[in-house]
1. Taking the stretch 578-602 as the search range and keeping residues that are surrounded by fewer than 19 Cβ atoms within 10 Å (Cβ to Cβ) and under 25 Å from the mean Cα position of the chain (by Cα), which one is nearest to residue 446 (Cα to Cα)?
2. Only one of these is modelled with pLDDT of 95 or more, in the same structural domain as residue 659 (by TED's automatic domain parsing), over 30 Å from residue 392 (Cβ atoms) and buried (at least 18 other Cβ atoms within 10 Å of the Cβ): 730, 751, 722, 785. Name it.
3. Hey, can you tell me all the residues within the stretch 520-574 that are in a loop (DSSP other than H, G, I, E, B), free of Cβ contacts under 8 Å to residues at least 60 places away in the same chain and closer than 22 Å to residue 438 by Cβ?
4. Which of the residues belonging to the stretch 353-379 are assigned to a strand (DSSP E or B) and either over 26 Å from the mean Cα position of the chain (by Cα) or at pLDDT below 95 (or both)?
5. Within the group 739, 746, 735, which residue is assigned by TED's automatic domain parsing to the domain that holds residue 447, touching a residue at least 24 places away in the same chain (Cβ under 8 Å), within 30 Å of residue 681 (Cβ to Cβ) and in a loop (DSSP other than H, G, I, E, B)?
6. Determine if the stretch 214-226 includes at least one residue that is assigned by TED's automatic domain parsing to the domain that holds residue 691, touching a helix residue (DSSP H, G or I) at 6+ places or on another chain (Cβ under 6 Å) and assigned to a strand (DSSP E or B).
7. Against the conditions (1) within 25 Å of the chain's Cα centre (by Cα); (2) within 28 Å of residue 598 (Cβ to Cβ); (3) modelled with pLDDT of 95 or more, where does residue 698 fall short? Just the number, please.
8. Suppose we keep only residues that are under 25 Å from the mean Cα position of the chain (by Cα) and surrounded by 20 or more Cβ atoms within 10 Å (Cβ to Cβ) within the stretch 416-434. Which one would you say is farthest from residue 227 (Cα to Cα)?
């Protein structure tokens, strides 16, 4: 009996020990970004206290941590102590947490105790207003998100994305073309499969969320290191691989596809590798998805090789390469297909890639220099063969649309960051980019029959093989004027070689702590962005010669004004209110009275092909108020309520103020989730998440049915452009699943089922002229759609 008891205790002890994981990471000074040696990390909410200190490189490793959500406290002499909650610990993968500590204002010799979570603050210390940090755990947790960072951002205040078919991001009423994507400190093209030239969104993201570290999303008055954008900034970074152990992940999902990932140590200087590859599940199964019966095939490979700390600093090599293709065959297409027509065979191929070399070296005890060299490309090919006299003895096909667009980009970015004192930080840098443009697009749409062959002429509206350079120097400083008052200010410059225009842009933000846990934020930023490249290089037929009459257009200008109030209601609750106004000028409009403005572009896959001889006389404005109430994950549940009331207007050359196509008027998001610990040792988790989204419909230009029937193609009533509004958008998503942690091995499993649009609400995709039936048809977005996923980590 005694032996049996001893054996039982040993087995029980083994199981308890095995149901643990590891928390590790890096602790740095937030101002200088230099690692802190000797910082103390303590594990909270456990029966026995655990603690470690960081090594000479700022790293720490907490072992035998119970699985589930855990909290750590990080302290260092002379720095404000911070608490990091909701660290998800599993038996299958080490939990990596990187912490930035803020030096105490008065250089105290004792620890200053605080109990604040930093999730609501941007990682970029100079992003003081309209900025939000997001985590990979959030991307994968929220229901309806498809593990897509673009769709995650749609849950934040000020963002509108009522489109089930694409992940375009409308920030505060700005066109999606105003969004800046950055990866590891350099701008990149749209990181999406099936993206087209000049756009920033797509149907399927090429960003593998398992590769990402915590990143920033900024919606207004950006710090001075960001330029050539009017709407928002997605500042993303790849995480490092595991520097201690080899880890693997296998995953499958409807939209993410079939995925394998490996990571582990590299070299002897705490280097690591991280590499992941994905292929579309629907492509393997040969079925349609996302609003079409056609089968989308896409794949991507992502990697991050960190070579560790050496005598010459730290080098890392990162990249993404993705490809996608799809065939829309008219005989297999339904009349309500979102992307194609019954009288066409269309073929789409696209590619995306970025490869960069990053170098970081410490200079003294409080400064560093970071340099990134990168090359990227994006390509899209589209061919459409139109059936003439379909289903008759005279049936034939002709080439109707053809596009072959490629953009190559080489970027050089260097940044010097120095902590001058505990109260001031200086950052100075420059970004230089060279674009190689090879656009060739032709169409018969809305063209005359000049040669009398019975078919519209095939007109080449873009034929360009050219290049341009954009150079952006900047300087920025953060000054803690008092313990309650912080000033962020800087200057950004922007130069284009295409028209030799150079502009200066002042940026300023003030944070003032009114009382404990209550802050006021004020921000101003002047921003410029070039006209989308597909518009700059349009051909115009002048006396028989094709001339690019838009290439000398100036930058579009936007002044951003922001006033915010931030209240931390408790350790796990916060509320934020922001009011903003954006004054836009120098938009491209036609030289004669017209409704058109370049501010209306970016609502779909392409751009206008007949807007030539434009001038910079267009104006517009965006204004609104936003409210965020957030319950950070605590006691097994979380909640997020965001609402935005906004107005987006513009003026064409006719001087008439109109709604922009992005003027939804309001957006409401409500998200909540609950976790339940299950199993004898409470090592497993049952989870439930749900999201409700509602927004106003988009404004559109009504179709002139009689004129369309005469012309044979869609003709809109441009004199009343964007005067009608689609019905409001509503969608309810429900997600549930289970996380299983192995009792005896380093393994974990996760299953989920994500029921999207559970009410099967009929949200409008578009109203468009059907040339086969000579009617105006309404096409709805994706109805009820079940998504699922499985992840195995070991």
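The values are calculated or read from the model by the stated rules, or taken from the named source; none is laboratory data. Just so it is clear, the model here is predicted, and its values are computed rather than measured. FYI the Cβ positions are ideal-geometry reconstructions off the backbone, even for glycines, and counts take in every protein chain you see.
1. The extreme case among them is 583.
2. Numbers: 730 fails: buried (at least 18 other Cβ atoms within 10 Å of the Cβ); 751 fails: buried (at least 18 other Cβ atoms within 10 Å of the Cβ); 785 fails: modelled with pLDDT of 95 or more.
Within the list 730, 751, 722, 785, the selection yields 722.
3. Result: 551, 552.
4. Once the filter is applied, which keeps residues that are assigned to a strand (DSSP E or B) and either over 26 Å from the mean Cα position of the chain (by Cα) or at pLDDT below 95 (or both), the stretch 353-379 yields 361, 362, 363, 367, 368, 369.
5. 746
6. Checked against the condition, which is being assigned by TED's automatic domain parsing to the domain that holds residue 691, touching a helix residue (DSSP H, G or I) at 6+ places or on another chain (Cβ under 6 Å) and assigned to a strand (DSSP E or B), the stretch 214-226 yields at least one hit.
7. So residue 698 meets the others, but not (3).
8. 427
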